[in-house]
Structures are given as structure tokens and as C-alpha cells.
Amino acid sequence: MNTLPGNALGDFLRASRGNLDPEEAGLVGGRGTRRVAGLRREEVAVLAGVSADYYARLEQGRERSPSSQVLDAIGRALRLDSDSRGHSYRLAGMNPNLRAGSSRDLVDPALLTLLDSFPAAAAYVLGPSFDILATNAPAAALLSPFMTAGADRPLNMVRVLFTHQEAATVFTEWDTVTRATVHALRLNAGYDPNNPAILALLDEMLPVEAFRSVWEDQTVAGLARAYKVFVHPSVGRIELTYQTFEVRDAPGQQLLVGTPATGSPSADALALLGTMHATEARDIHA
């Protein structure tokens, strides 16, 4: 496999059309008065100011080179947000891929130093396929239930969420976390459709029904500010608020920083977990 599977732009437009309530698009008659959900192709064409035949060819994959003006018009007709509109551009090949030779699998030493400047937060760097490329000590402790000694590949958050037996226990809001992760992975795939790590991950994960059902809903969204609850087997419940930052010097990498409320039980639990993890590491290497 070396490209995104199938008619990616057409599948995305069709799913977006099916998810839009006609009343939201200014049309008379909501979902309840129709045999199928969403807008008809002809309605999208009218709203976008293109011919019905042209729009049908776009969805069917017989037309693969729409202009930016056409994509803008269709995006407005489908009420796409900025993430989704940008995704449609990339699926049409209108945005450049990540530049060749970028250090997407390497973490700059300055970024590693920055990670360690968050002693009371769980901070880590994700690659485009959601490989965890680097962590600070609290993040390593938090993710320790998923770490395997001597593993020959980086810990991958998509793989963890959908295949690790402890994932649904540690991530109490598993459904919300998994959907956000898959939607962000699809966004990354649009930015870099030939990324070998993403394609290999898709080959591995698409047979997994829980992953496939979310992937196929065609939703795209970047990782945003998020509240996550962990139940760690050693210290119990930890509540963190996450912020995500793009790493401009390494396109496709993201820095995630999860902070507990100051003076909260979660802050105490994360600090205790870090101490326990450091002690265990010293004992192993003693």
C-alpha cells in the first residue's frame, strides 16, 4: 500500500454530505422527511454553484482535479469547518506534502530540553502516525502500563488505544479519546498521504473493527485542548488538561502537555507516580 485507500476525496465529500442536516444548509425539510440522511448530490451542486454532473463525478472519483474555487464553494455548501476544508484540499492534492527529508522521526535536542521543563506535567512528542517519540519523566510514568521492555518499535497511541487490554481501563473516557485520535490521524494522513508510518499503521489497524468504524466516518479534526482522565493501576485517578502545540521545525510532530490543577489530588497522584517510576528505574539499573 502506498496511497490512501480508495477514492479518498469522493468518500470524504459523500460522508460530509450525509452528515449535514438539510435545514442546517437552509433547505426545507429536515432528515425526518427524507428516505436517506443528509443532502442529495443535486442539492450540494446547487448550493455550490456547480453542475450536478460535475459534482457526481467528483464523488465517484471520475473527476480528481477540482479548482480551489470549486472546493471553497463545496466547503461552504457542506458547512465544513477549517480542519475539514483544509483536509479536502489535501485530498485533492492541492497542498504540499511534508517536505522531503524533514526530521519527522527525530526530536530536536532543544525540544527534549523543553519536555523536561514541565516537571509537574505529563509532556510528550507525537509523530505523524502517533508514535510517541519522546516523553518527560511524568509522561513516561503515566504511560508505564503500556510500556514493554525491549520493544523494537516506539509506543504508538493508536495501537495502544485499540489493541492493548488495559486501554479501556486506564482511559476512562475511551470512546472520546479514541475518536479524537483517529480523527486527528486522518487529518495527518491528508497532510502527508504517502507517509510510510501512517500507511503501515492503517494496514495494521483497518482490520480492527473498532478502529475501522471510526476511520470510515471520514471526520477530520486536529488535536485540541482536551480534558482526560486516567486511572493508573499504581496511584488511581489522575485528571489532566491537555494542550497541543505544532512543532514547526519538524512538520507532523506535535508536543502534548497535560497539566493537573494546582494543589489537586491529581497533582499529588502524578507527583507520587513520578517518584515511584524513578525509584523503580533506579532499582532496575542498580
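The values are calculated or read from the model by the stated rules, or taken from the named source; none is laboratory data. Please read these numbers as outputs of a predicted model, since none were measured by experiment. Glycine gets a Cβ as well: all are built from the backbone with ideal geometry, and neighbour counts include every protein chain shown.
Here is how the numbers come out for the structure above:
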| item | result |
| --- | --- |
| Selection status of R90, within 30 Å of R41 (Cα to Cα) and modelled with pLDDT of 90 or more | no |
| Tally of residues being assigned to a loop (DSSP other than H, G, I, E, B) and under 14 Å from L256 (Cβ atoms) across the range 129-144 | 3 |
| Qualifying positions in the range 173-210 - out of contact with any Lys or Arg (no Cβ under 8 Å at 6 or more places or on another chain), closer than 27 Å to V231 by Cβ and either in a loop (DSSP other than H, G, I, E, B) or not assigned by TED's automatic domain parsing to the domain that holds S129 (or both) | V208 |
| Test: residue in the range 119-141 that is in contact (Cβ under 8 Å) with a residue 40 or more places away in the chain, under 30 Å from A15 (Cβ atoms) and touching a Gly at 6+ places or on another chain (Cβ under 8 Å) | yes |
| Where A210 falls short, out of the listed (1) touching a strand residue (DSSP E or B) at 6+ places or on another chain (Cβ under 8 Å); (2) within 20 Å of F12 (Cα to Cα) | (1) |
| Residue list for the range 245-257, restricted to those being among the acidic types (D, E) and in a loop (DSSP other than H, G, I, E, B) | D249 |
| Residue within the range 212-228 that is in a strand (DSSP E or B) and farther than 18 Å from T135 by Cβ present | yes |
| Residues located in the range 47-78, provided they are surrounded by fewer than 16 Cβ atoms within 10 Å (Cβ to Cβ) and outside any helix (DSSP H, G or I) | G49, S51, G61, R62, R64, S65, S67 |
| Filtered residues of the range 229-244 (kept if of a type outside the set (V, I, T) and part of a loop (DSSP other than H, G, I, E, B)) | P233, S234 |
| Condition check for A197: over 13 Å from the mean Cα position of the chain (by Cα) and more than 18 Å from G6 (Cα to Cα) | yes |
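This table checks each residue for (1) at pLDDT below 90; (2) out of contact with any helix residue (DSSP H, G or I) (no Cβ under 6 Å at 6 or more places or on another chain).
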| residue | (1), (2) |
| --- | --- |
| Q218 | no, no |
| K228 | no, yes |
| I238 | no, no |
| Q243 | no, yes |
| D268 | no, yes |
| L273 | no, no |
| A278 | yes, yes |
| A286 | yes, yes |
